[in-house]
Number of protein chains: 2
Amino acid sequence: MPADTKAKLLESAERIVRERGYNGFSYADLAQEIGIRTASIHYHFRAKSDLVLALIERYAERIAGGLADLSRTGPTGAHRIAGYIAVYRDALREGSSLCLCVSLSADAESLEPTALSALEAFHRAGVAWLTEAFELATADGSIERVGVPASEAAATLALVEGAQLVGRASRSVEPFDAAVLLLRARLGDAG
Amino acid sequence: MPADTKAKLLESAERIVRERGYNGFSYADLAQEIGIRTASIHYHFRAKSDLVLALIERYAERIAGGLADLSRTGPTGAHRIAGYIAVYRDALREGSSLCLCVSLSADAESLEPTALSALEAFHRAGVAWLTEAFELATADGSIERVGVPASEAAATLALVEGAQLVGRASRSVEPFDAAVLLLRARLGDAG
DNA sequence: GTCTATACGGTGATAGAC
DNA sequence: GTCTATCACCGTATAGAC
């Protein structure tokens, strides 16, 4: 099935970048994993920078889709925040990988301006979604003591990204859970 | 002054790793920066893994020293937490670099077990120091609504590390400040 | 679409002269 | 302590055959 090679490449590349970082993966790794030669990868993605940009855009769309679902199904602000935390917890995969954009943020220096812009857009979208969720929580009373929604959103994004990093360093979810414990406690039953 | 070459190497290496990550720096970068050949670096650090381990240990000692000073001079729990946030804010250097251990956590897969252990120890020491600070804050009443100190500590460490990452992605301190705004508000005058 | 072959610079690391 | 010389890869990328 040569038609979906591009999809396979994106799938494998995402996993490798999330485990090893942008500078820690190569076309050789990728080629070996899906069983073609490195030269063939260049047919699908002219340069590594093109691949990484496609990776971010695909990832951002997927996450945006998941958050849109959460917005539809999460009955309260607290439920939505709980769902957001779960997305990052799952992405940590027991300490073996990071959110793609957490991994790439650390390697920001090696990225092209286009990739950097996509990375910033990802973060802006996360903060925007969280801000809405905290606004809803203020309205529906599902979270105690909500501060300015935009500030709560910025803090929550940083918290879950940092929690991933600490979990990654110990190859375990435990530090992640410890870091988000107080936030989840504020969510009541939804947490 | 060939005697302090080792110190110069550590200084330069730390800066480069904090800007570009473990996999984004090479002995060649280092050699060029301090004006010797790559072969000479091997005299001081047999392998790259030895250099990175020395880097973490040196960094951990330096930060521990700074925190010990803060413990001595910070009159209240709130002042100590404020000082801790400032340490991470300074390390971000306007968005151009990360805390060494934030950078290395993202590249955890590429590190030797000894370096990984040192990284975990760094995080444990941070949480331990913060736990003490939050315990003090509970006792002196300098922070409102303190939860379980150990949980506050885990959340604070993740918050500042994540805030750095988001700042790094936009090459700016602004996202860092936005992320820690609510925590600093809880610190009252000390924030 | 994928291959072989190849270019060409970068990579950590070592041996041995000075 | 630092050098030159050299090693054995690995890195991204391209040309052109099939």
**OP:** Between the alpha-carbon centers of the stretch A:99-146 and the stretch A:25-75, tell me the distance in whole angstrom.
**Re:** 19
**OP:** Specify which residue in the list B:Gln32, B:Gly141, A:Leu111 is farthest towards the positive end of the charge dipole of the protein assembly as shown, using unit charges on the beta carbon of Lys, Arg (+1) and Asp, Glu (-1), about the Cα centre.
**Re:** B:Gln32
**OP:** Distances from A:Ala185 to the same position in the other copies: list them in nm, one decimal, shortest first, using label points 7 Å from Cα along Cα→Cβ.
**Re:** 2.0
**OP:** Kindly state, as a whole number, the per residue volume in cubic angstrom of the convex hull around the alpha carbon atoms of the protein assembly as shown.
**Re:** 141
Original post:
Toward the positive end of the charge dipole of chain B, about the Cα centre and with charges on Cβ (Lys, Arg +1; Asp, Glu -1), which of B:Ala178, B:Ile81, B:Gly95 goes farthest?
Top reply: B:Gly95
Subject >> Cα pair distances in the stretch B:53-190, grouped into 10 Å bins until the bin that holds the longest one, percent each >> reply: 12, 42, 36, 10, 0
**OP:** Go through the stretch A:88-179 and name the GluC sites (Glu not before Pro) that are in a DSSP coil and have 13 or fewer other Cβ atoms within 10 Å of their Cβ.
**Re:** A:Glu144
Subject >> Nearest-first distances (nm) between copies at A:Ser117, label 7 Å from Cα via Cβ >> reply: 4.8
Subject >> Pairs of lysine residues in the protein assembly as shown - Cα separation under 21 Å, sequence separation of 8 or more or cross-chain >> reply: 4
Original post:
Which of the helices in chain A meet the span-like rule: DSSP H, Cα axial reach of 24 Å or more, Kyte-Doolittle mean at least 0.5?
Top reply: A:149-169
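Bear in mind these aren't lab numbers, they're just calculated from the coordinates by the rules spelled out. Here the structure is a predicted model, which is why all the values come from computation and not from measurement. Backbone-built Cβ (ideal geometry, glycine too); neighbour counts: all protein chains shown.
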